[in-house]
Amino acid sequence: MNLADLNKVALAMVTPGKGILAADESSGTIKKRFDAIKVESTEENRRDYREMLFRSTEAMSKYVSGVILYDETIWQNAKDGTPLVKLIEQSGAIPGIKVDEGTQALPQCPGELVTVGLDKLAERLKKYYERGARFAKWRAVIDIGSGIPTMTAISVNAHALARYAALCQAAQIVPIVEPEVLMDGDHDIDRCYDVTQRVLNKTFQELRVQRVELEGMVLKPNMAISGKKCAKQAPVDEVAEKTVRLLKSCVPAAVPGIAFLSGGQSDEEATAHLDAMNRIGGLPWRLTFSYGRALQAAPQKAWSGKAENVAAGQRAFTHRARMNALASKGEWETGLEKKVA
């Protein structure tokens with residue numbers, strides 16, 4: 001393992017003014033997204049959609065540092081035969097790959113899940129590296145509810161995240177470590193804070209036990225935020241202040257950067273929260289975005305599966321990417337949303 005090279009890639013992934021496009025929706029998730037815009041989820045349509053994003057020259061070259069791909073996508077070629085991975089590389093962004101294989105019910109823990117996919121991961125990583133992937137992603141899912149999460153769920157997921165991260169680094173691939181505390185419940189921001197603190201502390205404990213080099217990884221956490229069904233939604237400044245405080249208490253300064261997931265926030269909410277955090281400043285790590293839906297909802301709608309809408313889809317994507325790029329420097333403001341590209 002060459003740590004200097006891993007650190008260089010990790011720093012490039014969190015380049016100031018750029019963020020990571022999460023285009024790694026599973027076949028089931030992309031089908032839901034396509035159903036919403038009345039597009040059939042065929043392999044060709046999925047390819048065309050992602051090709052549209054990767055050929056958005058301005059967005060990709062100016063605002064996107066890396067792209068997380070799904071297994072199907074990393075092997076696909078564009079209409080003209082160019083591998084999609086090459087399109088990403090040509091734009092100056094780094095190709096990455098989602099390597100977890102989804103979740104399973106956790107035995108003895110009703111309502112809780114564990115992420116699977118460690119078997120044969122070492123061999124898969126070799127193939128992904130040869131194809132051009134220089135970073136990977138693994139998502140653990142922690143739900144908040146009555147009596148959950150249990151310490152069991154937190155421990156097994158942190159252990160799997162660290163095992164995955166160690167395997168990545170051995171394959172010269174930067175791991176994105178994603179312990180996601182879901183925002184689906186009716187819990188308030190303080191309950192989210194407490195659970196996320198437990199999850200992050202356990203995750204970093206496991207990373208150390210398994211000798212993961214912190215300088216060669218990127219953290220992808222949730223923000224400290226009210227559950228979607230909570231009657232009292234915490235305002236932007238409170239989310240920013242509490243998330244920054246939480247990260248300072250849990251995340252070692254050796255980690256090069258933190259790329260947030262949007263976790264079901266609206267486009268503008270995700271941007272506003274990131275911006276407010278960067279305005280606080282004085283942080284040991286770079287804070288940026290690794291958004292999926294919050295970057296893609298607008299371009300998906302604009303494109304709607306029609307070839308004649310490709311340019312409109314690309315404009316919508318460029319606009320969202322630019323807004324988040326500004327937020328990653330603390331330079332976004334609401335007024336800019338009206339000036340759509």
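The values are calculated or read from the model by the stated rules, or taken from the named source; none is laboratory data. Please read all numbers here as calculations on a predicted model, not as lab measurements. All Cβ positions, glycine included, derive from the backbone under ideal geometry; neighbour counts span all protein chains shown. These accessible areas exclude ligands, DNA and RNA; they are computed on the full protein's heavy atoms, side chains included. Shrake-Rupley method; radii C 1.70, N 1.55, O 1.52, S 1.80 Å.
Values computed for the structure shown
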{"item": "First in region 272-292 and in contact (Cβ under 8 Å) with a residue 60 or more places away in the chain, second anywhere and among the charged types (D, E, K, R), Cβ under 9 Å, 6 or more apart", "result": "288/18; 290/137; 290/178; 290/220; 291/267; 291/320; 292/24; 292/25"}
{"item": "Residue among 142, 148 that alone is free of Cβ contacts under 8 Å to residues at least 40 places away in the same chain and closer than 19 Å to residue 202 by Cα", "result": "148"}
{"item": "Positions within region 60-93 being under 23 Å from residue 258 (Cβ atoms) and either modelled with pLDDT under 95 or buried (at least 21 other Cβ atoms within 10 Å of the Cβ) (or both), in sequence order", "result": "60, 63, 64, 65, 66, 67, 68, 69, 88, 93"}
{"item": "Complete set of residues in region 119-146 that are open to solvent by 70 Å² or more (accessible area, probe 1.4 Å) and farther than 22 Å from residue 259 by Cβ", "result": "119, 120, 123, 126, 127, 130, 146"}
{"item": "Residue pairs meeting the criteria (Cβ under 8 Å; at least 6 apart or on separate chains; first among the aliphatic types (A, V, I, L, M), in region 218-237; second assigned to a loop (DSSP other than H, G, I, E, B) and open to solvent by 60 Å² or more (accessible area, probe 1.4 Å))", "result": "231/186; 234/188"}
{"item": "Residue match in region 10-21 (condition: of a type in the set (A, V, I, L, M, F, W, C), open to solvent by 10 Å² or more (accessible area, probe 1.4 Å), under 20 Å from residue 301 (Cβ atoms) and out of contact with any helix residue (DSSP H, G or I) (no Cβ under 6 Å at 6 or more places or on another chain))", "result": "no"}
{"item": "Test: residue in region 194-217 that is touching a His at 6+ places or on another chain (Cβ under 8 Å), acidic (Asp, Glu) and open to solvent by 10 Å² or more (accessible area, probe 1.4 Å)", "result": "yes"}
{"item": "Count of residues meeting criterion [among the small types (Gly, Ala, Ser) and in contact with a Ser or Thr (Cβ under 7 Å, 6 or more places away or on another chain)] in region 189-224", "result": "1"}
{"item": "Filter result for residue 116 (open to solvent by 30 Å² or more (accessible area, probe 1.4 Å), touching an Asp or Glu at 6+ places or on another chain (Cβ under 7 Å) and not acidic (Asp, Glu))", "result": "yes"}
{"item": "Residues of region 286-320 classified as in contact with a helix residue (DSSP H, G or I) (Cβ under 8 Å, 6 or more places away or on another chain), open to solvent by less than 10 Å² (accessible area, probe 1.4 Å) and either under 13 Å from residue 16 (Cα atoms) or of a type in the set (Ser, Thr, Tyr) (or both), total", "result": "4"}
{"item": "Residue check for residue 41: touching a helix residue (DSSP H, G or I) at 6+ places or on another chain (Cβ under 9 Å), in a strand (DSSP E or B) and open to solvent by less than 40 Å² (accessible area, probe 1.4 Å)", "result": "no"}
{"item": "Pairs, first more than 17 Å from residue 256 (Cβ to Cβ) in region 162-184, second assigned to a strand (DSSP E or B) and of a type in the set (A, V, I, L, M, F, W, C), C-beta under 6 Å, six or more apart", "result": "164/138; 179/140; 180/141; 181/142"}
{"item": "Of all residues in region 22-36 being of a type in the set (D, E, K, R) and open to solvent by less than 40 Å² (accessible area, probe 1.4 Å), the one that is nearest to residue 290 (Cα to Cα)", "result": "24"}
